[in-house]
Structure formats: structure tokens, C-alpha cells
């Protein structure tokens, strides 16, 4: 009766309820569309999440499986998810506990191997090196070889860490076999392809000089080429990673001596990710023309992928300038360096190469202008650039000074001498030249402008003070040089009119030193001429100074209150 009554009432209740719309069932990752999933299905789905790089989602599925079946069968995968999320120490503690409880076999080998492989990589990321890292990789190889041998399908995701661990340990045979198994298990896995390429490349490097194993070397090279190509293609949606694979392919071609093919790989890759390329090493590995071609291709790629006003190619422009400079395409080199420093002012040493590019085109005024710009932006950077090749740069500056000296360009000559003392701070000759050109400029202004304003007079006196400081520095570095003694003394005597007793002592010492050197039999004709001039100048200037001192003494005696 009760059933009858309920069946009668049910339609009434339904009729009074709001209309029910059909809703598509939503699958819960654990429950699924058809009720609670089986343990095996949860494990399958969880491993799929691991393959997709979603370890947290995988962990939830594995934990659901463990609730239904709390055994090593499920627990291993929960711990595997921990390892994938960098919880390596937590996982190892749990693995050790399982081992103490009697757990053993392929599952334990798998867990230990995966944990040690991850730990070794973490060490490298932290900058740790040495035995502790090697030990972790060795343990990983031992455990993972055992696990994959026993259960190759169940633990197929162990092949890639096995390959990497063996590669780091230079067990290339094990690494190669594992990498091939990893790629076979997941043909679209770019990481597996990249790993196979690295391992085969290492094998080629070790075999290529062994004539008896030439065929093996060629096989390894081909395997590396194919693997790097696959990795680059499969990372098409990740430009930086794709560039990394192409760069490795480029180096593979370099090792084979196929520079033109290398350019085809390096060029686009450098355009995708300029920071990924070691341009200095690349410059040493290719011909000058090939290097320039690679950078030009890189710039084309960068331009296609970026706005016209993008500045990310500044490094490419700098290296293009450097490459062109190296093959004496100076005008084009200047254009590239100008682009680099315009896009990124931090590339200020571009001005050094702009200066040299102009110098070799005999644009000497332009050379000096570029050097001035660089010096104005950063004295330290300008001098560091010049010090990188001191002998050649000193000769270049000497040549420019010779062009400017005595041609109403004393300040240019002085600036170039200032660069020279920056290159060689203890170079007394350069300090003396700096003093000379500053003095010449001050004297020239006095001759041109008899009636100077107070500001103009101040500028002239500043030049004399700078000249005296430079002469004094040269004398400090070579205190017995008779020419320097005369030059420094005359600044006090004729231009600054102070410390005249000190100036007199220098004249006396200068004349004495000149006489001593002129008595030498091994004096070169050039040096003898200099010392003869020093003797004459010191002697004459001493006589004039003595007359001046005597005159001033008499004038002082005539002054009222002098006691005379």
C-alpha cells in the first residue's frame, strides 16, 4: 500500500517542481563519469598528468588510488609526484622508511633512482660540484638501470633521467641506449630528442679523431644531427628552447668543419634568443665572412619577430660591427656599432670601435671625435678599451698626435696624450707630452689675445696649472731626467712665477745631469741631441732666473722700510 501511495504521489510532486533542464555530466578527475575510478585507471591517468608536466594533478589522482589500495603499487607513484615537484628530501625520507619496512624490488630502485637523479640536477642548479654530485648521478644510474631492466614499460619515464645521469657520468653507451628508449617511448618529446642529440654529439667528439672508428663517429654525428633537428622542430612554439637546439646543431656542424651549414643554424637561432649564443666562441670557430653572415641572418630573424623600434638586437648589432671590423668592412662596421650604442647605451665601447673604423678610413678628425665621445661617457670604459690592446693603441695615438702637434690643435694633442697616460700611468714620456701641449695652448692664447678678459686669463692660467701638474708627474717618474727638470722648472719660472728657489735647484740639477750623460760613450745620437738641448736650456734658463732673482732682490732693497 505504501508503495502504491508513493507512486501516486510522485507525479504530483514532479508536476509541481520547476522544469528540470538536462545538464551535461562533468567528469571529476578522481570520480569520473561513471562512478569512482579503479586503481589502475587512476594510476594511468596520473601518469598521463606527469607526462603533461602537471605533477600536482597527478599527485591527487595517485593519492585517490592509494586510498583504495594502500600498497607500494600506489605509494610509489605518490612519491614519484613529490619528486617531480622537487620534494626530493621528503620523498627520500619516505623511501628510506619503506626500505626499513622491508620494501624492495624494481619499485624501490625506480624511486631511489628518480630521487637521486633529481637531487643531482638540483645540486648543479645550486652551483654545487665535485664528488657529491658525481655520487648522486652514479647512484641514479645504478638504480634506474635496474628498474628499467626489470620493468621497461612500467618505468618508461625513467629512461630520460637515466640517459641524463649517465651522460653526466660520461657513460655514453648507457646514456645513448637510454635516450633512444626515451624517445621511442615518447616520439614527440623534445627533451628526449635534445638529450639524445647531446649524447650522440659527445660520442662524435670522442670518436672523430680515431680513424679506426670513423664509421661509428659518422653514425653518432648523424644521430646527433637528426635529434637536434627534431628537438628544434618540436619546440617550435617555444622560441628560446628551439633556439637552443638549433645552436647545438650549429656547433655540430662546426665540429664537422661545415661552416656554411653552421651559419644556417646559428643565424636564425641567434635572432630568436641572442643571449643563448656565445658569440666570442662563435667568432673563433667560423671564418670572418661566415660569422658576419650568421649575425646578418640573426638580425633578419629578430626583425621579423619584433617591432621596428625593438632594442633587443643591440648585442647582435655590436657583434655585427665587431665581425665587419675584423674583415675590414670599416664603414659598415661603424654603422653597426652606431646602431648598437643607440639602441643600448651600455654598449658604449662601441665608440672605441667607431673611432678605429674611422681611423682606418683616414678620417682622423672623426677618430678623435669618437674617442672624445667615449671618454665623455665613461673615462673608465674608454681607458679599459684602450688598455685591451695597449701597444697598438699607443702607436695609433702617437700617429694622431704627430698629425695635430704644431697645427693649432694643441688641445687635441693634449687629449690624446691624456689617453696615453691613462693607458700607461707610469709613462713619463706621455706625461711630459701632456704638459707640453697644454703649455703650448696657453702660450698660443696669450699670443693671440694680448688684452684678455678676466675669464680668458683664468682659462690660460688653468692650462698652465694643468701643464705644470703633468710636468711634475713626469719628473716624479723620472727625477733625474735633465729635460724634465728644465721643463718643470720653467713652468714655475716663466708662467706661474712661484717657488723660484725650487725652480733654480731644478735648473742646476738638470745642467749637472745633462753633463754627466753627455760624457757617456754609449749614448745614442738621438738621446745625445736631447741631452745637449737640456744642457743648453737648463744653463740659459738658470742664468735668466739668476738675473731675475738679483733684480727682485735689488728692487726689494730699494723699497721703503727695507733697512737699506
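A few notes on this one:
- The residues of segment 113-164 that are surrounded by fewer than 16 Cβ atoms within 10 Å (Cβ to Cβ), over 28 Å from the mean Cα position of the chain (by Cα) and within 17 Å of residue 89 (Cβ to Cβ), listed by number, are 132, 135.
- Flag for residue 388 being surrounded by fewer than 23 Cβ atoms within 10 Å (Cβ to Cβ), at pLDDT 95 or above and either within 25 Å of residue 317 (Cα to Cα) or over 35 Å from the mean Cα position of the chain (by Cα) (or both): yes
- Residue selection: residue 316 fails the criterion of being crowded, with 17+ Cβ neighbours inside 10 Å and more than 25 Å from residue 263 (Cβ to Cβ).
- Tally, over segment 57-81, of residues that are without any contact (Cβ under 8 Å) to a residue 24 or more places away in the chain and either touching a strand residue (DSSP E or B) at 6+ places or on another chain (Cβ under 9 Å) or over 17 Å from residue 99 (Cα atoms) (or both): 4
- Of all residues in segment 425-461 being under 35 Å from the mean Cα position of the chain (by Cα) and surrounded by fewer than 16 Cβ atoms within 10 Å (Cβ to Cβ), the one that is farthest from residue 388 (Cα to Cα): 426
- Remark: residue 51 matches the filter, which requires a residue to be over 15 Å from residue 115 (Cβ atoms), surrounded by 12 or more Cβ atoms within 10 Å (Cβ to Cβ) and at pLDDT below 95.
- In this entry, residue 366 is excluded by the filter for residues that are surrounded by fewer than 16 Cβ atoms within 10 Å (Cβ to Cβ), free of Cβ contacts under 8 Å to residues at least 12 places away in the same chain and under 26 Å from residue 445 (Cα atoms).
- Test result for residue 241, touching a helix residue (DSSP H, G or I) at 6+ places or on another chain (Cβ under 9 Å) and either at pLDDT below 95 or at negative phi (or both): yes
- Taking segment 211-224 as the range and being surrounded by fewer than 21 Cβ atoms within 10 Å (Cβ to Cβ) and touching a helix residue (DSSP H, G or I) at 6+ places or on another chain (Cβ under 7 Å) as the test, the residues that pass are 213, 216, 217, 223.
- Taking residues in segment 446-469 that are over 26 Å from residue 489 (Cβ atoms), and partners anywhere that are at pLDDT below 95 and not in a helix (DSSP H, G or I), the pairs with Cβ atoms closer than 9 Å and at least 6 places apart or on different chains are 456/449.
- Options 243, 232: the member that is under 21 Å from residue 190 (Cα atoms), crowded, with 17+ Cβ neighbours inside 10 Å, under 19 Å from the mean Cα position of the chain (by Cα) and in contact (Cβ under 8 Å) with a residue 12 or more places away in the chain: 243
- Meets criteria (under 29 Å from the mean Cα position of the chain (by Cα) and surrounded by fewer than 19 Cβ atoms within 10 Å (Cβ to Cβ)) for residue 170: yes
- Within segment 474-487, being under 46 Å from the mean Cα position of the chain (by Cα) and either under 16 Å from residue 544 (Cα atoms) or in a helix (DSSP H, G or I) (or both) holds for 474, 475, 476, 477, 484.
- None of 61, 6 is at pLDDT below 55 and assigned to a helix (DSSP H, G or I) except 6.
- Of all residues making up segment 197-210, the number that are out of contact with any helix residue (DSSP H, G or I) (no Cβ under 7 Å at 6 or more places or on another chain) and under 13 Å from residue 176 (Cβ atoms): 1
Condition check ((1) farther than 19 Å from residue 195 by Cβ; (2) part of a helix (DSSP H, G or I)) across all residues:
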residue: 74; (1), (2): yes, yes
residue: 99; (1), (2): yes, yes
residue: 102; (1), (2): yes, no
residue: 107; (1), (2): yes, yes
residue: 114; (1), (2): no, yes
residue: 122; (1), (2): no, yes
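- Qualifying residue in segment 169-176 (condition: at pLDDT below 95 and in contact with a helix residue (DSSP H, G or I) (Cβ under 6 Å, 6 or more places away or on another chain)): yes
- Selection count where residues are touching a helix residue (DSSP H, G or I) at 6+ places or on another chain (Cβ under 8 Å), over 15 Å from residue 503 (Cβ atoms) and assigned to a helix (DSSP H, G or I), scope segment 535-563: 1
- Segment 290-317: number of residues that are out of contact with any helix residue (DSSP H, G or I) (no Cβ under 9 Å at 6 or more places or on another chain) and farther than 21 Å from residue 350 by Cβ: 1
- Flag if residue 445 is more than 16 Å from residue 470 (Cα to Cα), assigned to a loop (DSSP other than H, G, I, E, B) and modelled with pLDDT under 95: no
- Some residue of segment 392-403 being closer than 19 Å to residue 314 by Cα, crowded, with 22+ Cβ neighbours inside 10 Å and modelled with pLDDT of 95 or more: no
The values are calculated or read from the model by the stated rules, or taken from the named source; none is laboratory data. Here the structure is a predicted model, which is why all the values come from computation and not from measurement. Here Cβ is always computed from backbone atoms with ideal geometry, including for glycine, and neighbour counts include all displayed protein chains.
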